[in-house]
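Report on the structure given below.
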Amino acid sequence: MFDWRMSASEGAVHVIHFTDRTLQEVNKVDYAVERRKSLHARYYFGILFFIMNLVAWFFRDYGQNVLPWIHYIKACGNEGDDCFHSLGVLRVSLGCFIFFLVMFVTTVKTRKLCEGRNSWHSRWWELKAVLLLLSMALPFFIPSQFVQIYGEIARIGAGIFLLLQLVSVIHFIMWWNNYWTADEETKERCSLGLVMSTLFYVCAICGIVYMYASYASKSSCSLNIFFITWTSILLAVMMVISLNSKVNRGLLSSGIMASYIVFLCWCAIRSEPATIRCDTKNQETRNGSWITILGFLIAIFAIVLAAFSTGIDSKCFQFSKNKVENEDDIPYNYGFFHMVFSLGAMYFAMLFISWDLNNSARK
């Protein structure tokens, strides 16, 4: 009798252990599913952000011809001009900002995959679609004076976005440089890293030459000459520092940063007002079209990619790098992710109107 009881108790213990293992396996599966949905959600938000960029471009260049009925909205003025061109871009940007601000407020404190806020971030896309439509419609009923105030605030937000983007780019460059660092087992990787370094520097130098030839050919273009020359000096300084034996970090990181700085300089020069534009060879009528299209595509791609990569790269903004991650932790910081996209909405507005609230916003 005693032996039978012992066997029964041992069997019960085995059943309990088996049940615990089963529950743990189920929880692991649930966490894996939730993590996968969370990672997929960032791509969906990136697509929405890309669509908002296209909508802003549409309202800037074609909205007045395609949507003539919008002048019936009181906030758009008599001819509807206050809802197109620069103000149209600001209204679309404001709607995008409101949407991601709501997402930021509702997900900022999310820490675990089992929380309801995680489901709100990763699921409920029908409800988020309704929220997005309401957020986009609301700014078109706001008086133009308040939209102008938002434009002034957007300048600051766009500057903050550029700073966050720069930190993220530097973090990515450091990771990539370490990945291509030479070691005994990856000599082929080192050779490819050297090729990439050379390619980035060649692109940066070609960009400098192009900007001098196209935007600084006249002595009256002193501001352009100053920015291009200063960019050239930065390139030379970064190369010299990278080649210094005490630094010994290779040319890849400085080459990538050089190309990035040249791109920013080109964007700044391209956005100068048309009345003082210093480009040569009557570029606006001859070959300005393809450059404008190329610049537009690069800008759209850069905005979306910068917002996406910076949003998921919250770890590079943490002071403590030794935080232990648990299995049920969220894969990235949702609040920071949506905050970056809300600042990105301000940034694309500034790019589309050339940082000038009174700009006529040419096609």
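The values are calculated or read from the model by the stated rules, or taken from the named source; none is laboratory data. This structure is a prediction, so every number in the text was calculated from the model and none was measured. Quick reminder, even Gly has a Cβ in these numbers, built from the backbone with ideal geometry, and neighbours come from all protein chains shown. We work out accessible area using only protein heavy atoms, side chains counted, and drop any ligands, DNA or RNA first. Shrake-Rupley method; radii C 1.70, N 1.55, O 1.52, S 1.80 Å.
General observations
- Three principal axis extents of segment 86-243 based on alpha-carbon atoms, in descending order, are 55, 53, 21 Å.
- Shape summary: segment 55-152 maps onto an equivalent ellipsoid whose semi-axes, from the alpha-carbon gyration tensor, are 32, 13, 10 Å in decreasing order.
- Ordered by solvent-accessible area of protein heavy atoms (1.4 Å probe), largest first, the residues 62, 215 come out as 62, 215.
- Candidates per trypsin sites (Lys or Arg not before Pro) in segment 59-125, loop by DSSP, up to 12 other Cβ within 10 Å: 109
- Rolling a 1.4 Å probe across all protein chains gives residue 176 an accessible area of roughly 50 Å².
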